[in-house]
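The values are calculated or read from the model by the stated rules, or taken from the named source; none is laboratory data. As the structure is a prediction and not an experimental result, all values here were calculated from the model. Reconstructed Cβ throughout: ideal geometry from the backbone, glycine too, with neighbour counts over all protein chains shown.
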Amino acid sequence: MIQPLKIGDTIPEILRGLPLEVINHKNGQRNTKLNDFKNKLIILDFWGRSCAPCIKALPKLDNLNTIFEDEVIILPISDFNSESELKSTLARFKIQTQSIHGLENKTLLKYFPHQLQPHLVWIDKDWRIRSITTSEYVTATNISRLLNGLSADWPSKQDVLDYNSLMPIISINVPERAKPEHFLYSVFTTHLKGISPRNGKVTDSITQATTTTYYNMRLLSFIQMALDYKVGAPVEQFDLQVKDKSTLIMDKGENYSEWAIDNTYCYSIRLPIQTTPKLTQILIQQDLIKWISLLGLSVKKVRVANKNNQWKYLVTENNN
């Protein structure tokens, strides 16, 4: 079983002798191997047909190959499995290159798995992996640094290979190394069973963020909050011009706990700690109107034509 290689590992003998299908070899060869470049700094450039930065970087890498011809080999490894596909792509982007180009190699990808391209692996003359980067760090200065025996003092590229894109971005199952420094979001969910925490804002001084959450509230409360930033209005204050009112108002005699499971919601928003109370209010109101709209409702506040000059919350069905 092939074990992926990382910075500091030594390239095994079996990989050094692995046949690599190539084009543009100066001797007309159809295959090469890493052993053909021993005593050189080898940079493997994994790139793909849909990676614009990869393609734009090829002329620069080709030029560096010429400058450091006696000491360095930059070997682009594409995701094409045919010579004609690779050549037509280079021609389409008007890339004229003298460099050797490798076709897709499944075994090589097992040794150097990655999610993001470009993905460049730096292998020194002693067959040790010194760095893994994007193409922007492949410069004459950085190449000279390694050739002179100095350390790679630039950031290393780290792909999260086990990230599950089917999980929500706010899931606690996001790999620890993939979690962003600042984590801001809003979320609207259906009823959460078995919980009754306090509504309101919580401040986290460590992450420098505040989280404002409302649990298992009826939709009418969220509608009032979106329009007035308060809750508690009687049902009579809502003008419900909808076909089915049962999702908004519980029928007489119905058990609330049973009705609530299908008809109450939770909302949470996480904001930077420096967000002012007024801006927090505005953001929550705007956000709730969006979420309510996604549930198929349009809401607005209208004045009632009576002597008391009262307001009502008008709820209609939208066309989404």
Worksheet, complete the sentence: Scanning segment 13-28 residue by residue, those within 18 Å of E85 (Cα to Cα) and assigned to a loop (DSSP other than H, G, I, E, B) turn out to be N24, H25
Worksheet, complete the sentence: Scanning segment 52-73 residue by residue, the ones that are modelled with pLDDT under 90 and either surrounded by 14 or more Cβ atoms within 10 Å (Cβ to Cβ) or hydrophobic (A, V, I, L, M, F, W, C) (or both) total 1
Fill in: Options I77, I73, I55; residue that is β-branched (V, I, T), under 11 Å from S99 (Cβ atoms) and in contact (Cβ under 8 Å) with a residue 24 or more places away in the chain
I73
Discussion item. Of the residues S84, S144, S131, S165, only one is in contact (Cβ under 8 Å) with a residue 40 or more places away in the chain and of a type in the set (G, A, S); which?
Written reply: S131
Worksheet, complete the sentence: Just one listed residue, out of P12, P76, P19, is modelled with pLDDT of 95 or more and surrounded by fewer than 12 Cβ atoms within 10 Å (Cβ to Cβ), and it is P19
Worksheet item: Taking the stated definitions as given, is S171 in a loop (DSSP other than H, G, I, E, B), surrounded by fewer than 15 Cβ atoms within 10 Å (Cβ to Cβ) and in contact (Cβ under 8 Å) with a residue 24 or more places away in the chain?
Response: no
Worksheet item: For the subset of segment 186-238 comprising residues that are touching a residue at least 24 places away in the same chain (Cβ under 8 Å) and on the phi > 0 side of the Ramachandran plot, which member is surrounded by the most Cβ atoms within 10 Å (Cβ to Cβ)?
Response: N216
Worksheet item: Name the pairs whose Cβ atoms lie under 8 Å apart, with the first residue in segment 255-282 and more than 18 Å from I223 (Cα to Cα), the second assigned to a helix (DSSP H, G or I), and 6 or more positions between them or separate chains?
Response: L271/T280; L271/L283; T275/L283
Discussion item. If I filter segment 87-98 for residues that are small (G, A, S), assigned by TED's automatic domain parsing to the domain that holds C54 and closer than 18 Å to K38 by Cα, do I get at least one hit?
Written reply: no
Practice prompt. Examine segment 93-104 for a residue that is farther than 30 Å from S165 by Cα, hydrophobic (A, V, I, L, M, F, W, C) and touching a strand residue (DSSP E or B) at 6+ places or on another chain (Cβ under 9 Å), and state whether such a residue exists.
Written response: yes
Worksheet item: Listed residues N24, N39; which is over 33 Å from the mean Cα position of the chain (by Cα) and within 22 Å of D124 (Cα to Cα)?
Response: N39
Worksheet item: Hey, does segment 249-256 have a residue that's closer than 21 Å to P197 by Cβ, aliphatic (A, V, I, L, M) and touching a helix residue (DSSP H, G or I) at 6+ places or on another chain (Cβ under 7 Å)?
Response: no
